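Following: one structure in structure tokens, then a few remarks.
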Amino acid sequence: MKKETGGTGKDKLDTSVDRLYQVGLRLYPGVPDALKFASSTIYIVTTKQSRFADALLRKLAGVTIPPERIFGLGSGPKVEVLKQLQKKPEHQGLKLHFVEDRLATLKNVIKEPELDGWNLYLGDWGYNTQKEREEAATIPRIRILELPDFSKKLK
């Protein structure tokens, strides 16, 4: 008799995303369309597993981002990923933008002179507090990005 293992990792992942969808998890308003209609190349840099981020984007936003443009858990610190991205030949001479919802991460980017060319944004819809947004507003390199403006930035 063969014991059932409950499916593949992909099956379990899809089930997890389906459950999140069923309990009402949605992306912030405007984000799916912003991603779908972006005129620039988008990279996802997240602390979540790449395949989980991919599944969320496909299920909740209807967007497919190529796997080579999703940097998740195991890709290294976000600061290091940004360094890798800016070294790509296709990014030479371009102004790069990094939207983040954690002030501490943006401060880490600022500490790296090699990343001085990045435009930094603190998304005011994420995991930050009013106090952190007020602090970010005093840091010249960081701009507060409101959710409605996020869509405009990607066009």
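Since every read-out is calculated from the coordinates, none of them should be taken as a lab result. Not measured: the values here are computed from a predicted model. With ideal geometry, Cβ positions are generated from the backbone for all residues, glycine too; neighbour counts draw on all protein chains shown.
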Integer Hz, Karplus 6.51/-1.76/1.60 couplings in order for the range 123-138, x for Gly and Pro
x, 7, 9, x, 7, 9, 9, 4, 4, 5, 5, 5, 5, 4, 5, 8
Additional length obtainable on full extension of the chain from Glu134 to Lys87, 0.36 nm per residue less Cα span
13.7 nm
What pairs in Lys48/Lys131; Lys88/Lys131; Lys59/Lys111 have C-alpha atoms more than 32 Å from each other?
Lys88/Lys131; Lys59/Lys111
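Give the residue list of chymotrypsin sites (Phe, Trp or Tyr not before Pro) in the range 46-155 that are DSSP loop and have at most 10 other beta-carbon atoms within 10 angstrom. Can you show the working numbers first?
On the way: sites: Phe52, Phe71, Phe98, Trp118, Tyr121, Trp125, Tyr127, Phe150; in loops: Trp118, Trp125, Tyr127.
Sparse-neighbourhood loop chymotrypsin sites (Phe, Trp or Tyr not before Pro): Tyr127.
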Between Ser40 and Asp149, what is the label-to-label distance in nm when each label sits 7 Å out along the Cα-to-Cβ direction?
1.4 nm
Using the eigenvalues of the Cα gyration tensor, what equivalent ellipsoid semi-axes result for the range 9-154 when each is taken as the square root of five times the eigenvalue, whole Å, largest first?
25, 19, 15
Least to most buried among Ser75, Ser50, by other C-beta atoms within 10 Å and fewest first, runs Ser75, Ser50
